[in-house]
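To start, the structure itself, in structure tokens.
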Amino acid sequence: MQAAKPILYSYFRSSCSWRVRIALVLKGINYETVPIDLIKDGGQQFSEEFRALNPMMQVPTLKIDGLILGQSLAIIEYLEETRPTPRLLPQDPKKRASVRMISDLIAGGIQPLQNLSVLKQVGEQNQLPWAQKVISSGFKALEQILQSTAGKYCVGDEVSMADLCLVPQVANAERYKVDLSPYPTINRINKTLLALEAFQVTHPCRQPDTPAELRA
């Protein structure tokens, strides 16, 4: 019997969802998207139906191989272990550690501080300066790290999990009008990655739930 097609519960603008979309495309996994609107109806992620799938009420959530997985990096690591080509974690242990460090820096140290749930807490007047401050602080550290790890991409010359985290975070920075001129390495890698098909087809402007006015 044919295995069920994987289902990705996603929001077009979610940077965590974008990471997973890139991984799925790079690994040639045909999947179905179920949009979860984080704004509409007070947030569709808070519905009883979605809470049953993901108790954290967050996207992305991936149904695959009889599993229901949340947390983008855990999903990407599972895909890496079960579908190892193309490789998203380097074979070399030192490079692999660098990839995980950069991924965690973005996924744990920058993105959560400027996501929707946090911005709601800081108040509407403070949202833009707050987002700019936390992204700029994180990018200052990231730029310094990338200067020692980067080749063509974040770690050497192969696309890795770190790159899947970088591009969506730069998109967030642009959305919040962060001045990116102090981060030439981040800028260079981001532009190189955006030229790749997997990053283009998974872009927020090309998703099933992208509003018409934001489509490209």
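The values are calculated or read from the model by the stated rules, or taken from the named source; none is laboratory data. Worth saying up front: this structure is predicted, and the values here are computed from it rather than measured. Because the Cβ atoms are built from the backbone with ideal geometry, glycine has one as well, and the counts that use them run over all protein chains shown. Just so you know, the surface numbers come from the protein's heavy atoms only, side chains and all, with ligands and any DNA or RNA stripped out. Shrake-Rupley method; radii C 1.70, N 1.55, O 1.52, S 1.80 Å.
On inspection, Gln169 fails the criterion of being farther than 19 Å from Ala23 by Cβ, part of a helix (DSSP H, G or I) and not assigned by TED's automatic domain parsing to the domain that holds Gly28.
Would it be correct to say that Pro204 is modelled with pLDDT of 95 or more and surrounded by fewer than 19 Cβ atoms within 10 Å (Cβ to Cβ)?
Numbers: modelled with pLDDT of 95 or more: yes; surrounded by fewer than 19 Cβ atoms within 10 Å (Cβ to Cβ): no.
Considered against the rule, which asks whether it is modelled with pLDDT of 95 or more and surrounded by fewer than 19 Cβ atoms within 10 Å (Cβ to Cβ), Pro204 comes out as no.
Contact map, region 41-56: residues that are assigned by TED's automatic domain parsing to the domain that holds Tyr11 and outside any loop (DSSP other than H, G, I, E, B) paired with residues that are of a type in the set (Lys, Arg) and surrounded by 17 or more Cβ atoms within 10 Å (Cβ to Cβ), Cβ distance under 8 Å, separation 6+ or inter-chain. Pairs shown: Leu53/Lys63. Beta carbons closer than 9 Å, at least 6 apart along the sequence or on distinct chains, pair a first residue in region 80-105 that is touching a residue at least 12 places away in the same chain (Cβ under 8 Å) with a second that is basic (Lys, Arg) and open to solvent by 90 Å² or more (accessible area, probe 1.4 Å) for Leu89/Lys95. I'd like to check something: does region 57-68 contain any residue that is among the acidic types (Asp, Glu), open to solvent by less than 70 Å² (accessible area, probe 1.4 Å) and in a loop (DSSP other than H, G, I, E, B)? No: region 57-68 contains no residue that is among the acidic types (Asp, Glu), open to solvent by less than 70 Å² (accessible area, probe 1.4 Å) and in a loop (DSSP other than H, G, I, E, B). Entry remark, region 138-158: residues being open to solvent by 80 Å² or more (accessible area, probe 1.4 Å), in a helix (DSSP H, G or I) and without any contact (Cβ under 8 Å) to a residue 40 or more places away in the chain number 3 in total.
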